[in-house]
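Undergrad: Sharing a structure below in structure tokens format, with a few things to ask.
The values are calculated or read from the model by the stated rules, or taken from the named source; none is laboratory data. Values in this document were obtained by computation on a predicted structure and should not be read as measured data. Cβ sites come from the backbone with ideal geometry, for glycine too, and all protein chains shown count toward neighbours.
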Amino acid sequence: MSMTIGLAGKPNAGKSTFFKSVTLADVEIANYPFTTIHANHGVAYVQTACPCLEREARCGLCKDGIRYVAIDIIDVAGLVPDAHKGKGLGNSFLDDLRQAQAIIHVVDASASTDPEGNPINPGTGNPDNDIRFLDYELEMWMFEILNRNWAKLSRKIKAENMKIEDAVADQLSGAGVSVENANYALHETNLYSVEPTKWTEDDMVRLCRSIRKESKPMIIAANKFDAVLGSQAPPVRAEDKTVVLTSAAAELALKSAAKAGFIHYVPGSKTFEITATLSPAQEKGLESVRHVLESNGSTGVQECLHRAVFELLDMIIVFPVEDESKWTNKLGTMLPDAYLMKNGSSCRDLAYKIHTEIGDKFLYAVDARTKMRLAEKHPLKSGDVIKIVSTAK
């Protein structure tokens, strides 16, 4: 299963600009609600130091010693209050978002949009309410799915001695909820100790709130912060979430300038280098972007991606090879692949990631750095270069 990060938020918060800044995809960006009608799919990248920096030769697959690992990004239609009831493009939004393992919630930090996404005077909106309403919509979406036929299903659980977590996960499978998510939430809410036929609607809402947190972990991109630098715009708060100040517009300007050959810019950096002769207008534009970088340390966009992948989803990057001496595959390509894997994954997990048969016929692994033989349950570390030995042909 590929990793998918969802971009969510109300209309006009800057989601499409954020999406384009990480993918350079051709999407429509405009100052009115529901510019995004259908979900946009694209590819973004997280970064890690390439192990080839430890060798005399470079692998040819990294850039300036940085390896870029692809992740899927989905920019869903803008969300408005009561989306779970079908308001706005709610049904489409929620259906698209079920594909995401984590969510970057793009919030208008300049507070210049109302709850429906219409432009208002900067500073008069309420970013805190925007954060809460997305949580609420997701929770109520799950509740309405779970609540369908629950009276009948709860009696079946009791009569057939079904596992509650299996029943809940099956009912919410269309929302991307796993048995593990359901099991965690049932314990957290203490509903394991309550007969399912006696659950109240409040119990089920509490359960769905816990499932939402576990199945759709979220980070807040407090976007457009640069529009209110030095002003008294309300701060963006989220008690149980990480908040990252972002300027998707600045990131898009930098990526576009780099693509055109005007500057050298590494995504996530606090600076850039001008590499071409610019017009006065171009120089002025880039200087305003430089001010954003100086005020925040970066545009925040790449930080959001990294924190979603490496903190929320707790992933590591592992490099499988076939020749542990040269760090190459059978074609002689150095460090040909870089896999995102859950922290705590084992050598056998990596074998299965490469191919099912290799996992089934796993013998042992080799740490390409130390040449030590590793057992199937040996936990991998981020940056490991590993050879898998298997009887598979």
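Undergrad: Among (1) in contact with a Leu (Cβ under 8 Å, 6 or more places away or on another chain); (2) without any contact (Cβ under 8 Å) to a residue 24 or more places away in the chain, which single condition is L146 missing?
TA: Here L146 clears every test but (2).
Undergrad: Could you say whether any residue in the stretch 141-148 is farther than 27 Å from F225 by Cβ and outside any helix (DSSP H, G or I)?
TA: Taking every residue of the stretch 141-148 in turn, at least one turns out to be farther than 27 Å from F225 by Cβ and outside any helix (DSSP H, G or I).
Undergrad: A follow-up question, please. Return the total of residues in the stretch 154-189 being under 29 Å from the mean Cα position of the chain (by Cα) and exposed (fewer than 13 other Cβ atoms within 10 Å of the Cβ).
TA: Final tally of qualifying residues: 2.
Undergrad: So F133 clears everything in (1) in contact with a helix residue (DSSP H, G or I) (Cβ under 6 Å, 6 or more places away or on another chain); (2) closer than 30 Å to N223 by Cα; (3) aromatic (F, W, Y) except one condition, right? Which one?
TA: For F133, the failing item is (1).
Undergrad: I'm checking my understanding of the structure. Among residues of the stretch 290-309 that are β-branched (V, I, T) and at pLDDT 95 or above, which one is surrounded by the most Cβ atoms within 10 Å (Cβ to Cβ)?
TA: For the stretch 290-309, the residue satisfying everything is T299.
Undergrad: Kindly state which strands (runs of 3 or more DSSP E) lie completely within the stretch 307-381 and contain at least 3 residues that are touching a Gly at 6+ places or on another chain (Cβ under 9 Å).
TA: 315-321
Undergrad: Hey, which of the helices (runs of 4 or more DSSP H) in the stretch 157-267, taking only ones fully inside, have at least 1 residues that are assigned by TED's automatic domain parsing to the domain that holds N147 and in contact (Cβ under 8 Å) with a residue 12 or more places away in the chain?
TA: Counting at least 1 such residues, we get 164-171, 179-188, 201-215.
Undergrad: Continuing with the same structure: Taking only the stretch 234-248 into account, find how many residues are surrounded by 22 or more Cβ atoms within 10 Å (Cβ to Cβ) and over 11 Å from V107 (Cβ atoms).
TA: 2
Undergrad: When the stretch 335-393 is examined, which residues are found to be touching a strand residue (DSSP E or B) at 6+ places or on another chain (Cβ under 9 Å), among the basic types (K, R) and farther than 27 Å from L53 by Cβ?
TA: Across the stretch 335-393, the qualifying residues are R348, K361, K377.
Undergrad: Then there is this: Name the residue, out of G78, G88, that is under 25 Å from T299 (Cβ atoms), at pLDDT below 70, among the small types (G, A, S) and in a loop (DSSP other than H, G, I, E, B). Show your work before the answer.
TA: Numbers: G88 fails: under 25 Å from T299 (Cβ atoms).
Only one candidate passes the filter, namely G78.
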